Amino acid sequence: MDGGKYDVVVVGGGNAAFSAAMAAREHGAEVLMIERAPEDESGGNSRFTAGIIRFAFNGIDDLLQLIDLNDEEIKNTDFGTYTQDQFFDDMGRITQYRSDPEMTEMLVTKSFETMVWMRKKGIRFVPIYGRQAFKIDGKFKFWGGLALESWGGGPGLIQSWTQSAKRNGVEVLYGTRALSLISDGIRVHGLKVRSGDRLWEIPAKAVVLACGGFEANAEMRTRYLGPGWELAKVRGTRFNTGDGIQMALDIGAMPFGNWSGCHAVGWERNAPEFGDLAVGDQFQKHSYPWGLMVNARGERFVDEGADFRNYTYAKYGRAVLEQPGQFAWQIFDQQVAGQLRDEYRIKQITKVTANTLDELAHKLDDVDPEGFLKTIKEYNAAVQTQIPYNPNVKDGRCTKGLRINKTNWANTIEKPPFEAYATTCGITFTFGGLRIDTSGNVLDTEQRPIPGLYAAGELVGGLFYFNYPGGTGLMAGAVFGKVAGDGAGKAAATVSV
Ligand SMILES: Cc1cc2nc3c(=O)[nH]c(=O)nc-3n(C[C@H](O)[C@H](O)[C@H](O)COP(=O)(O)OP(=O)(O)OC[C@H]3O[C@@H](n4cnc5c(N)ncnc54)[C@H](O)[C@@H]3O)c2cc1C
């Protein structure tokens with residue numbers, strides 16, 4: 001390997017890194033990607049995803065630029081629209097209006113054009129019939145602002161990017177970990193890396209950091225997210241230990257965003273410490289809006305029906321972590337059991353069933369049976385059954401008079417057999433990170449661009465605060481990855497060594 005021949009070195013092997021590498025290549029740069037994981041575990045969190053991606057579109061004509069549909073599918077599907085205004089509103093509402101306005105503007109306005117660019121680069125998309133649409137009167141109706149996923153989910157996305165990178169002359173070096181940036185105090189000139197037992201340096205005209213947040217680092221989680229976070233399970237890759245953030249801070253980069261915030265969900269209670277590629281995202285348990293969640297005291301602790309799951313799932317992991325013993329049971333009866341997502345039918349699951357509520361109460365490990373039965377009794381009595389149930393809209397079928405009411409989709413828990421699923425908190429990714437400008441250039445603590453240093457993906461702060469609209473991680477990785485790759489590619493063209 002000739003470490004001196006690269007213009008741009010991209011650190012990471014996920015969606016943001018590939019987007020940056022491919023964009024830099026368009027400027028004629030010689031591009032190397034270094035991926036810490038061995039090839040069989042490569043692809044970062046991006047590979048663990050379902051490939052669901054959020055972008056603004058104005059109707060079927062826009063979607064037809066991204067997917068192939070036959071006449072039958074067009075006739076039988078109502079994709080609706082997801083306008084830029086809706087995307088802006090979601091980002092504002094979900095982040096309590098903390099999201100950086102300039103970054104949000106870039107994310108929203110560049111989302112569709114970046115999708116078109118990805119398709120040109122060889123990424124294929126398909127409609128999310130399974131998870132984001134319900135069939136009403138013979139027609140699929142999409143909801144929640146999400147219409148497409150990458151073909152083959154996260155593994156398909158990484159496979160397509162890898163093939164595309166090869167075709168376009170981007171080199172990928174697996175099993176190589178970036179350790180630190182080579183900087184003269186002003187400009188970045190490359191990286192110190194480790195491959196196996198070999199420590200070496202890779203000079204570069206520009207470096208793009210796209211190597212994830214610190215979700216897989218128990219010490220950093222506890223330090224920044226707070227006590228208890230060392231107890232969370234990691235949903236995805238074990239390789240995102242905050243290296244990129246740390247090495248940039250070490251040369252004076254500016255921290256930015258919601259450092260105490262993260263994306264975390266309800267996750268199989270007995271799942272392994274880190275993600276398992278064979279299971280992917282199926283340890284998640286996201287059908288709670290149709291049922292109830294109870295803690296060790298048998299008490300509810302959130303409004304399960306506050307909004308569509310796309311807008312609550314990313315913050316409810318934290319709520320589960322805050323419960324005694326860091327677990328919660330999700331409870332369903334037969335009125336809704338048929339509606340549960342596919343992830344409830346995997347083998348690696350902690351599930352109990354019972355024919356009576358009393359029997360169920362005694363089968364829920366670590367839960368106070370009396371407290372549970374009291375909760376169910378009060379909840380059932382509070383359901384406003386005169387309001388019709390409709391899972392396709394926020395139906396307003398609520399409870400009244402409870403300490404924590406359920407706002408939508410409140411069904412009584414009364415039709416056996418009852419089903420319950422044990423969950424804990426699974427952390428997805430962290431929200432705090434580096435500060436970039438509109439060219440993806442990393443800023444220092446004086447808010448000046450650090451020449452030669454770019455960043456994209458999870459390790460950039462400023463977009464997400466407290467919560468997150470589903471499908472935005474991949475879109476942000478692609479939009480800001482492309483921006484950073486463009487910036488690095490252009491910068492490399494002007495630097496002489
Ligand atoms: C189970 C799960 C399901 C998800 N589902 C979705 C979804 O459907 N839609 C969506 O939009 N988002 C989803 N997300 C979130 C999404 O995965 C991330 O937001 C996004 O993929 C981040 O992309 P990235 O390229 O920044 O990071 P990653 O894809 O995590 O890539 C980071 C890369 O950096 C590498 N790396 C780390 N340290 C170093 C180092 N020192 N040197 C070299 N390489 C290094 C890692 O090995 C990895 O390849 C999901 C996440 C998980 C875990």
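Just the Kirkwood number for region 422-497, please: inverse of mean 1/r across all distinct Cα pairs, in Å, one decimal. Display every interim value, and only then the final one.
Working: mean 1/r = 0.0730 Å⁻¹.
Kirkwood radius, region 422-497: 13.7 Å.
Express as a percent, rounded to the nearest 5, the fraction of DSSP beta bridges in the chain (both residues included) that run antiparallel. Walk me through the intermediate numbers first.
On the way: 50 of 69 bridges.
Once the DSSP bridges in the chain are tallied, antiparallel ones form about 70 percent.
Quick check: convex hull over the Cα atoms of region 159-283, volume per residue in Å³, rounded to an integer?
Per residue, the Cα convex hull of region 159-283 comes to 150 Å³.
How many angstrom separate the Cα center of region 400-451 from the Cα center of region 453-497?
Their Cα centres are 21 Å away from one another.
Keeping every protein chain present and rolling a 1.4 Å probe, give me the accessible area per residue for region 85-218 in Å².
Each residue of region 85-218 exposes 45 Å² on average to a 1.4 Å probe.
What order do you get for 172-182, 432-442, 75-85, 302-312 when each peptide is scored by the mean count of other beta carbon atoms within 10 Å, highest first?
Most protected by this proxy first, the peptides run 432-442, 302-312, 172-182, 75-85.
Suppose every K and R has +1 on its Cβ and every D and E has -1 on its Cβ; what is the size of the dipole of the chain about the Cα centre, in Debye to the nearest 20?
On the way: 54 positive and 60 negative charges, 26 e Å.
Its charge dipole is roughly 120 debye.
Using the heavy atoms of the protein chains alone and a 1.4 angstrom probe, what is the accessible area of region 1-49 per residue in square angstrom? Walk me through the numbers before you get to the answer.
Details: 1420 Å² over 49 residues.
Counting only protein heavy atoms, the per-residue value for region 1-49 is 29 Å².
Per-residue counts of other Cβ atoms within 10 Å, averaged by peptide: what ranking do you get for 484-490, 227-233, 201-207, highest first?
484-490, 201-207, 227-233
Would you mind getting the accessible area per residue of region 398-493, heavy atoms of the protein chains only, 1.4 Å probe, in Å²? Write down the numbers at each step before the final one.
On the way: 2620 Å² over 96 residues.
Accessible area per residue, region 398-493: 27 Å².
Cα centroid distance between region 350-389 and region 291-312, in Å?
Between the Cα centres of region 350-389 and region 291-312 lies a distance of 13 Å.
Quantify, in whole percent, the carbon and sulfur part of the accessible surface of the chain (1.4 Å probe; protein heavy atoms only).
Ligands and nucleic acids excluded, carbon and sulfur give 48 percent.
Using packing as a proxy for protection, rank 124-130, 386-392 so that the peptide with the highest average count of other Cβ atoms within 10 Å comes first.
Top of the packing list down: 124-130, 386-392.
The values are calculated or read from the model by the stated rules, or taken from the named source; none is laboratory data. None of the values given here were measured: they were computed from a predicted structure. All Cβ positions, glycine included, derive from the backbone under ideal geometry; neighbour counts span all protein chains shown. We work out accessible area using only protein heavy atoms, side chains counted, and drop any ligands, DNA or RNA first. Shrake-Rupley method; radii C 1.70, N 1.55, O 1.52, S 1.80 Å.
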